[in-house]
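Each value in this text was obtained by applying a stated rule to the coordinates, not by laboratory testing. From a predicted model like this one, the values you see are computed outputs, not experimental measurements. Every residue, glycine as well, gets a Cβ built from its backbone with ideal geometry; the counts of neighbours run over all protein chains shown.
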Amino acid sequence: MPKSCRVLVLISGNGSNLQAVIDSCDDHLQAEVVGVISNQPDAYGLMRAHLAEIDTSCVIAHSGESRQEYDQRLAKAIERYQPDLIVLAGFMRILSNDIVNQYLGKMINIHPSLLPKYPGMNTHQRALDAGDTEHGASVHFVIPELDAGPVILQAKIPVYEGDDAEVLAQRVHEQEHAIYPLVVKWFAQGRLAMVNGKAILDDKDVGPSGYAPD
Ligand code: GAR
């Protein structure tokens, strides 16, 4: 049997994307969530991991600790799991360059906007304020620059008159739960890689907006 891909998921909160990845790994068996790390001890995602009998660790920031110091502790926690792929699923900390470079091409993130639009926070409100008629989510490889790594896959949602940030967040979440497990599966199947700063799927550059079927 081919070796299954060891997936480590980093969370800070609810973990609905973690749940979607856990559920899809159960279905296709080419990937296994071997651990969940949270920087928040009360993250509901930790409960989801316990229910799925997945090992968990908390790496909580100490007051006065530098990003570098925190990331050294985080790196140790990560190494314990020997991951093939690190999945950032609502992990609300900026990672230092050292840790990103250590896992370059092996770390992916989901971001609630159609990147390169709206890196950072408050993406739903920013899309509304800009009067956008479409919005969405992006899965991308992580590089040292925040939310700027090559996009692998995006999902778009319409923005209707009267929508507020909460409604958009819900609509985006639904799409996230479809696209994130798909990208994990592609990686686990050995079909996806980051080469020269580009996302390559089945030996083809997916292009700036991620994979789009012909
Ligand atoms: C998701 O919407 C994800 O896109 C976002 O946090 C949410 C986590 O939800 N991530 C970021 O904003 C990262 N910049 P979840 O905990 O239910 O998966």
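Averaging the inverse of every distinct alpha carbon separation and then flipping it gives the Kirkwood radius. What is it for the stretch 79-123, in angstrom units?
12.0
Helix by helix, which DSSP H runs in the chain go 20 Å or more along their axis at the Cα atoms and have an average Kyte-Doolittle hydropathy of -1.0 or more? Spell out each step's value before the answer.
Numbers: long enough: 165-188 (33 Å, 0.12).
Taking the DSSP H segments of the chain (at least 20 Å long, mean hydropathy at least -1.0), we get 165-188.
Around residue 110, under 11 Å between beta carbons, what's the net of Lys plus Arg minus Asp minus Glu among the other residues?
-2
Report the antiparallel proportion of the DSSP beta bridges in the chain as a percent, rounded to a multiple of 5.
Here the antiparallel bridges make up roughly 50 percent for the chain.
To the nearest 500 deg cm²/dmol, what mean residue ellipticity at 222 nm is calculated for the chain from DSSP H runs of n ≥ 4 alone, each contributing -39,500 (n - 2.57), summed and divided by the residues?
Numbers: 6 runs with 71 residues, N = 214.
Taken over the chain, the calculation gives -10500 deg cm²/dmol.
For a quick check of your reading of the filter: which GluC sites (Glu not before Pro) in the stretch 1-91 sit in a DSSP loop and have no more than 14 other Cβ atoms within 10 Å?
53, 65
Could you order the peptides 36-43, 117-124, 191-198 from most to least packed, using the average number of other C-beta atoms within 10 Å per residue?
Details: 36-43: 19.8, 117-124: 16.2, 191-198: 14.2.
Highest to lowest by the protection proxy: 36-43, 117-124, 191-198.
Can you pull the three principal axis extents for the Cα set of the chain, in Å, largest first?
47, 43, 34
Give the calculated FRET efficiency between residue 160 and residue 182 to the nearest 0.05, with a Förster radius of 22 Å applied to their Cβ-Cβ distance. Mind dumping the intermediate values first?
Values: r = 26 Å, r/R0 = 1.17.
After rounding to 0.05, the efficiency reads 0.30.
State the Kirkwood hydrodynamic radius of the stretch 62-177 in Å, one decimal place, computed from all pairs of distinct Cα atoms. Can you show the working numbers first?
Numbers: mean 1/r = 0.0652 Å⁻¹.
Evaluated on the stretch 62-177, it is 15.3 Å.
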